[in-house]
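One structure below.
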Amino acid sequence: MVTIPSAVVVISGKRKTGKDYVANLLQQRFSTELCAVLRLSGPLKSQYAKENGLDIAKLLDSSQYKETYRKDMIQWGEEKRNENPEYFCKLATSGAESERDIWIISDSRRTTDIEYFLKYYPKKTLTLRIEASQDVREERGFVFEPGVDDAESECGLDSYTDWDYMIINNESSDKLGQELQPLIQDVDKLLQLSKN
Ligand SMILES: Nc1ncnc2c1ncn2[C@@H]1O[C@H](COP(=O)(O)OP(=O)(O)OP(=O)(O)O)[C@@H](O)[C@H]1O
């Protein structure tokens, strides 16, 4: 199904900077009726299961089944992305939730993710980078994992500088609400424009 949203907010940030927290805050502000939180990593498991004839329920729980397929699934994901960098962006935005007017993409990790939304939704895409200090991220449960936190999937956007908004999420929700105001106002403007 092809649907055209009025606004797309693409969020990036390192692990435990608060991407999901901010995505949920924005969704509450705009209402779940109007606004969907879409995860690029979400459809990977279900598509992998579908294409390989596997049991998706078993793949999602913490069983041995999942461990057996983990490596192969990661490799499959990389191959798919190399064949077609748009693959997971398209998949994540083609479900029932993408019929909503505002999309929050809560886990962009690579420049190709950002490029995808800028290419297909050029006047509607707003990019947000979230930063938080190492101490705060650790308080939230971050533990450095070699092979994960130094991989392209975590560092691919570290040198990207064209963010529409950058916020520091070390503080309370009050401060965060203020920091998000410019973004919220711009989404409101895009909603208004799409009605005219
Ligand atoms: N401003 C905040 N105030 C209070 N708690 C927060 C705030 N920001 C984040 N948290 C908490 O910190 C934890 C990590 O946040 P979150 O899951 O949103 O990070 P993330 O960037 O999505 O992490 P990951 O990349 O691992 O998925 C969560 O428990 C969340 O509730």
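The values are calculated or read from the model by the stated rules, or taken from the named source; none is laboratory data. The structure presented is a predicted model; accordingly, all values stated were derived computationally and were not measured. Note that we place each Cβ from the backbone using ideal geometry, even for glycine, and neighbour counts take in every protein chain shown.
Condition first: over 19 Å from the mean Cα position of the chain (by Cα) and in contact (Cβ under 8 Å) with a residue 24 or more places away in the chain. Now tell me which residues in segment 53-102 satisfy that.
Within segment 53-102, Met73, Trp76 qualify.
Restricting the search to segment 32-55, which residues are part of a helix (DSSP H, G or I), surrounded by 13 or more Cβ atoms within 10 Å (Cβ to Cβ) and away from the ligand (no atom under 13 Å from the Cβ)?
Pro43, Leu44, Lys45, Ser46, Gln47, Tyr48, Ala49
Under 24 Å from Ala151 (Cβ atoms), touching a residue at least 60 places away in the same chain (Cβ under 8 Å) and not in a strand (DSSP E or B): does that describe Asp20?
Yes.
Among the residues of segment 115-132, is any in contact (Cβ under 8 Å) with a residue 60 or more places away in the chain and in a helix (DSSP H, G or I)?
yes
Is there a residue being more than 16 Å from the ligand (Cβ to nearest atom), without any contact (Cβ under 8 Å) to a residue 60 or more places away in the chain and more than 26 Å from Asn52 (Cα to Cα) anywhere in segment 103-111?
Checked segment 103-111: at least one residue is more than 16 Å from the ligand (Cβ to nearest atom), without any contact (Cβ under 8 Å) to a residue 60 or more places away in the chain and more than 26 Å from Asn52 (Cα to Cα).
Pick out the one residue from Asp135, Asp107 that is modelled with pLDDT under 95, on the phi < 0 side of the Ramachandran plot and not basic (Lys, Arg).
Of Asp135, Asp107, the one residue that is modelled with pLDDT under 95, on the phi < 0 side of the Ramachandran plot and not basic (Lys, Arg) is Asp107.
Mind listing whichever residues of segment 151-164 are farther than 17 Å from Asp107 by Cβ and in contact with a strand residue (DSSP E or B) (Cβ under 6 Å, 6 or more places away or on another chain)?
Asp164
Tell me, please, whether a residue that is exposed (fewer than 13 other Cβ atoms within 10 Å of the Cβ) and among the basic types (Lys, Arg) can be found in segment 110-128.
Yes, segment 110-128 has at least one match.
For segment 43-63, what are the residues that are over 13 Å from Leu91 (Cβ atoms), polar (S, T, N, Q) and in contact with a helix residue (DSSP H, G or I) (Cβ under 9 Å, 6 or more places away or on another chain)?
Asn52
Asp135 is checked against (1) in a helix (DSSP H, G or I); (2) within 15 Å of the ligand (Cβ to nearest atom); (3) closer than 27 Å to Val187 by Cα and fails just one. What number does that condition carry?
(3)
Of all residues in segment 1-12, count the ones that are over 17 Å from the mean Cα position of the chain (by Cα) and within 12 Å of the ligand (Cβ to nearest atom). Don't jump to the end; show me each part of the working.
As a first pass, look at segment 1-12 and keep what is over 17 Å from the mean Cα position of the chain (by Cα): 1-4, 6.
Filter again for within 12 Å of the ligand (Cβ to nearest atom), leaving none.
Residues flagged as over 17 Å from the mean Cα position of the chain (by Cα) and within 12 Å of the ligand (Cβ to nearest atom) within segment 1-12 amount to 0.
Residues Arg15, Arg29: which one is closer than 26 Å to Gly156 by Cα, charged (D, E, K, R), within 16 Å of the ligand (Cβ to nearest atom) and surrounded by fewer than 17 Cβ atoms within 10 Å (Cβ to Cβ)?
Exactly one residue qualifies, and that residue is Arg15.
Looking at segment 112-132, which of the residues that are among the charged types (D, E, K, R) and out of contact with any Lys or Arg (no Cβ under 9 Å at 6 or more places or on another chain) is nearest to the ligand (Cβ to nearest atom)?
In the first step, residues of segment 112-132 are kept if they are among the charged types (D, E, K, R); the result is 113, 115, 119, 123-124, 129, 131.
Imposing the further condition that a residue be out of contact with any Lys or Arg (no Cβ under 9 Å at 6 or more places or on another chain) reduces the set to 113, 115, 119, 123-124, 129.
Values: Asp113: 14, Glu115: 21, Lys119: 25, Lys123: 27, Lys124: 23, Arg129: 12 Å.
It comes out as Arg129.
If a residue must be part of a loop (DSSP other than H, G, I, E, B) and among the β-branched types (Val, Ile, Thr), how many such residues does segment 61-94 contain?
Number of matching residues: 1.
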